[in-house]
1. Show which aspartates and glutamates lie in cross-link reach of Lys2 when reach means a straight Cα distance below 12 angstrom and same-chain residues fewer than eight apart are skipped.
2. Charges at C-beta only: +1 for Lys and Arg, -1 for Asp and Glu. How large is the resulting dipole of the stretch 198-257 about its Cα centre, in Debye rounded to 20?
3. Multiply the residue gap between Phe73 and Asp99 by 0.36 nm, knock off their C-alpha separation, and tell me the result in nm, one decimal place.
4. Which net charge results for the neighbourhood of Glu317, defined as the other residues with beta-carbon distances under 12 angstrom from its beta-carbon, given Lys and Arg at +1 and Asp and Glu at -1?
5. Run the numbers on the chain and let me know its relative contact order in percent, using alpha-carbon pairs under 8 Å that are six or more apart.
6. Within the stretch 62-114, what whole-number % of the accessible surface is contributed by carbon and sulfur, with the 1.4 Å probe and all protein chains included in the calculation?
7. For the chain, take the longest principal axis of its alpha carbons; what is the angle in degrees between that and the long axis of helix 339-360, to the nearest 10 within 0 to 90?
8. Averaged per residue, what accessible area in Å² does the chain show with a 1.4 Å probe, protein chains only?
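The values are calculated or read from the model by the stated rules, or taken from the named source; none is laboratory data. The shown structure was predicted, so the numbers you read here are calculated from the model rather than taken from an experiment. Neighbour counts are summed over all protein chains in view; Cβ atoms, including those assigned to glycine, are modelled from backbone coordinates with ideal geometry. Note: accessible area is taken over every heavy atom of the protein model, side chains too, but ligands, DNA and RNA are not part of it. Shrake-Rupley method; radii C 1.70, N 1.55, O 1.52, S 1.80 Å.
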Amino acid sequence: MKSLKYLYKIGRGPSSSHTMGPDKAARYFRKRNPDADSYKVILYGSLSSTGKGHKTDEAILDVFEGCEIDLVFGSHETDTLPHENTMDFFAYKDGKETDFKRIMSVGGGQIVVEGDSEIEEEDIYPVNTFGQIAEYCNTHNIRLYEYVEMIEGKEIWAYLHEIWKAMKNAINAGLSTRGVLDGSLGVERKAQFLYNQSHIDESDITRENRLVCAYAFAASEHNAGGGVIVTAPTCGACAVLPSVLKYMQDKKHFSDDDICRALAVGGLVGNLVKTNASISGAECGCQAEIGTACSMAAAALCELFHMGLGQIEYAAEVAMEHMLGLTCDPVCGLVQIPCIERNAVAAMRAINALSLANFLSTTRKISFDTVVDTMYKTGKDLKAIYRETSKGGLAETYFQQGS
């Protein structure tokens, strides 16, 4: 399993798999071929289907600025592809092809290059299931964040402090921005409106829902507008974890060190999903993105409140379990509808999971590892039209009804 540094990445939205990944792939290929006369890039699968809405073309063309490049939106079919987000890169010199690479954007901004294992990050964790990690922690009487420090080194805390700072910056930027997001849908930013709708007689639970949703809308809208965010675990699901952590820090006055320990635990959960299943909406639907983000947030909240290992696992499991089968069907291929609201709903569900874990963890029958395996199998069973292609689900029905 990789370092948390490869899960939490600071980058520009709106999509880790469709924007950050292609950007990284293009930089890799251009560096390999600095003297080429021209380039060609063919996008396949989900990158072809929703690349325009996700600004994949802009990400690649920006890297090749000043170069002659032919960018082609190829076949939408995925049956013969090694991954649903596949790109072919070609370099030419004096009219002849001089290099070719097939590159996959596998989620969270990570890429895999066929025939080049050197670009892949090294595994640093000796085990890759929650059960194995829990057994080690129980045997040595340590908490999950202490296990992360043992593997990653003390330097992980400086990195997580930077991650937390970037998360808060994204929320603050979203709260301070009004107007309409780019794209054909004309979606109005709502974070600031939500944040300012306080009333004298507002109940505690209403205030909690409103503020958590305001923070989630803020980070998600900032991402949709191409702002700088943190993948947690992806751009499209970037708002779930920071929104609940900011709310709890404001309410309970947790220190930044407390928050970073929670980020370590949430990151460990996200890493387990990334390693054993997928965090790619194109591969496994939105359950892989929002479902994982919800699990990460639920586990992080449990760490904030010093809950036991069994409670942390229960919260992460129940958060994912009730996202199973969630489709990825962005309207117009934009990371806006239903993506923005979905971040807010998942944030509230993470708090619900925290509450359930406080009472029911000893009665659980399903392990976190089991639900992760189930999520992956469910995602692979979903029809391609429900996996970030905008060919089915809400994306299709929206236009059928003349909306």
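1. Lys2 reaches Glu120, Glu121, Glu122, Asp123, Glu152.
2. Details: 5 positive and 8 negative charges, 23 e Å.
Using only the charged Cβ atoms, the result is roughly 100 debye.
3. Values: separation 26, 0.36 × 26 = 9.36 nm, distance 1.99 nm.
Extra length available between Phe73 and Asp99 comes to 7.4 nm.
4. Numbers: positive: Arg364, Lys365; negative: Glu313, Glu321, Asp369, Asp373.
Once all neighbours under 12 Å are counted, the net charge is -2.
5. Working: 821 pairs, mean separation 76.6, N = 403.
Once normalised by length, the contact order is 19 percent.
6. Values: 1110 of 2600 Å².
Accessible surface attributable to carbon and sulfur in the stretch 62-114 totals 43 percent.
7. Compared with the principal axis, the helix lies near 30 degrees.
8. Values: 16680 Å² over 403 residues.
Heavy-atom accessible area per residue stands at 41 Å².
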